[in-house]
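Take a look at the structure set out below.
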Amino acid sequence: MANPRIPGLLAALLVAGGILGAQGLPSEIPAAFRPVTTQWEYTRREAMIPMRDGVKLHTVILVPRGAKDAPILLTRTPYSADKLTGHADSAHLGPVLQGYDNATDVILAGGYIRVVQDVRGKYGSEGDYVMNRPFRGPLNPTTVDPSTDTWDTLDWLVKHVPESNGRVGILGISYDGYLALTALVDPHPALKVAVPMNPMVDGWRGDDWFHNGAFRQQNLSYIYEQEAARAGGFGWWSTAYDDYEAFLAAGSAGDMARSHGMDQLGFWRKVSAHPAYDSFWQQQAMDRILAAQPLKVPVLLVHSLYDAEDIYGALAVWKALHAKDPSGRMVHLVMGPWCHGGGIQDGSGLGPLRFSQDTARVFRWDMLKPFLDQYLKPGSPAADLAPVTAFETGTDRWERLATWPRAGAGTTIPATRFYLEPGLKVGKTPPEAGGTAFDAYVSDPAKPVPYRARPVMPIGYEGVRTWPRWLTDDQREASGRTDVLAYVSEPLTAPLRIAGNPVANLVASTSGTDSDWVVKVIDVYPPEVADQPALGGYQLMVSADIFRGRYRENPAEPKALVPDEPLTYRFALPAANHVFLPGHRVMVQVQSSWFPLYDRNPQTFVPNIFFAKPGDYRPATQRVWHTAGKESFVELPVVK
């Protein structure tokens, strides 16, 4: 039989020995755990770096073990420095960095000290968050902006990271690419190179928020998730699996925003109050800002030909900076066949396209690494970079060019007109008087044209990533609709090479008082493709964009359209570097909605489309003219 006194005796002994206290069992968690990291190939430090106004910014510093006189590669981000530097629990630096905004192979090979910082107001950083915080001036009466924050950060890093050689490069994609551009305004002397990849540059002209005045309403989810909380946590929710159905049921973009409580968000209030290209947008356009600054830092601009988010910005900045460096000594441009951020991903294909090489790896090892080494690692050889290195789709090859664009506006090679002709044909002969003067269709806001095959999945980068490649989607579904005009050429007998921005010159009329116009230049594959049968008859977009009719005369001042009056709408499409091969055909599609990526035009003029009422949305008869004196055409930047 057990002795009933034993438990009491044990308790007394434990108390006497200090093992069992008055509050019960002691905690097994130490007051301050000290990780053992002797096997790690890097050291991780975190710092709260003070800015000139006293705000401290959370910064993660990853130093390769044994580093000495190593350069620093900095990224500033609103997407969490901890997440960007914590992709895996590993003693090795590669897995930790393997993810968005980290050109991991180049970072590892270069022995760079990797620094990632939360912008003010986000995640671990103090201060207030403002989307794309404006520079000091009329839109920002404070003493700080992204440029000053970068300056103060670099000043601290070169004084407090003893393993560094005092030379810093800044690299970033998208929003982080925008932040890399802001570093070029009054740059710190330690900043030796900048690599803005797919940067946000002009939110109204053609990047994240608008394209030529048409609002990219599927980006509401981005605004919501960025601004609802400092550290995220509020995920966008939907009422339907198909975004087409969800946005159509919501009504206007303003209605959708209100249904999610977005009136509480400062940036949404700004966007909805500035639908036109007024001073709010003009003063924040980074190409304009940089055009007014002296060029002090070498820059490698990276552009993706199939960028579904920021297809405008990099080339706009290239134009601004190249004017200051026409010899291409300090400013270089790389154009790759990638999606947004694709330069740090697998570049062996995109959607249905397959390349003979991993184009992104070629970029990173043959262009990015030599460029960074040249300016950040003294004694390195000069990078053998042309002013422009561009991948040519269709022929699957890289080109070294002296400038960009090669043809079209502002070049010595004039664009070639491809006319929209009666019978839904495309040709080089101007139309004559007589015959059918126009083609017509009915645009019904109740049944807008989907921008991709339904169900339309939400924009996102979690799970199945279909959004990044949508610009390579087959356009056959659209060409079969009665509210889309599809003009097509005869099969080509020789290669047709274009290198620049196609320009739409549409003479069109609407029975309404406002209208959107979408123009798409498409490469139509032969009916059968032997080595890739799925591409038989494929309709691949080469360049496409939307234009909101109310801004025909002035992007800053909307104006109602005169019903049924043929008017000229002229606007540039995104840049292309493409060859239409023999046997392929050139197609031009014209439509009046691209939904739900862009908000619906009610086709009735209202002061602010964000707040259009259900009764404002009305069908309209659209006419595309193609007769003498009213020629519709697309100017293609054709080169030999």
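Listed values, structure above:
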| item | result |
| --- | --- |
| 10 Å beta-carbon shell around Met541, net charge (K/R +1, D/E -1) | -2 |
| Hydrodynamic radius of the chain per Kirkwood, over alpha carbon pairs, in Å | 26.6 |
| Separation between Cα centres of the range 112-146 and the range 24-79, rounded to whole Å | 20 |
| Gained length - Ala273 relative to Lys447, 0.36 nm times residue gap less alpha-carbon distance | 59.9 nm |
| Distance from the range 414-474 to the range 292-334 (C-alpha centre basis), Å | 29 |
| Simple spin-label estimate for Asp128 and Val36 in nanometres, 7 Å along Cα-Cβ | 4.9 |
| Charge sum, other residues only, whose C-beta stays under 9 Å from Asp202's C-beta, Lys/Arg counted +1 and Asp/Glu -1 | 0 |
| Pairwise label distance in nanometres, Leu139 with Ala440, each label 7 Å out on the Cα-Cβ vector | 4.3 |
| Semi-axis lengths, Å, the range 278-433, gyration tensor of Cα atoms, sqrt of 5 times eigenvalues | 31, 23, 16 |
| Rule-of-thumb Rg ratio for the range 185-292 [Cα; 2.2 N^0.38 Å; N residues] | 1.27 |
| Label-zone membership for the range 551-576, site Arg618, 7 angstrom Cα→C-beta point, backbone N under 13 Å | 561-564 |
| The range 162-205 and the range 501-562: distance between their alpha carbon centers, rounded to Å | 34 |
| Once exposed loop GluC sites (Glu not before Pro) are cut out (DSSP; at most 12 other Cβ, 10 Å), longest piece of the chain | 29-431 |
| Within the chain: Cβ-based charge dipole about Cα centre, in debye rounded to nearest 20 (Lys, Arg +1; Asp, Glu -1) | 940 |
| Rg to Rh, two decimals, where the range 416-639 supplies the alpha carbon set and Rh follows Kirkwood | 0.97 |
| For peptides 417-425, 55-63, 509-517, sequence by mean Cβ density within 10 Å, most packed first | 509-517, 55-63, 417-425 |
| Gain in span if fully extended, Arg288 to Ala433, counting 0.36 nm per residue against the direct Cα distance | 47.8 nm |
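Readers should treat all values here as calculations from the given coordinates under stated rules, not as data from a laboratory. Small disclaimer: the values here were computed from a predicted structure and weren't measured. All Cβ positions, even for glycine, are placed from backbone atoms using ideal geometry, and neighbour counts span all protein chains on display.
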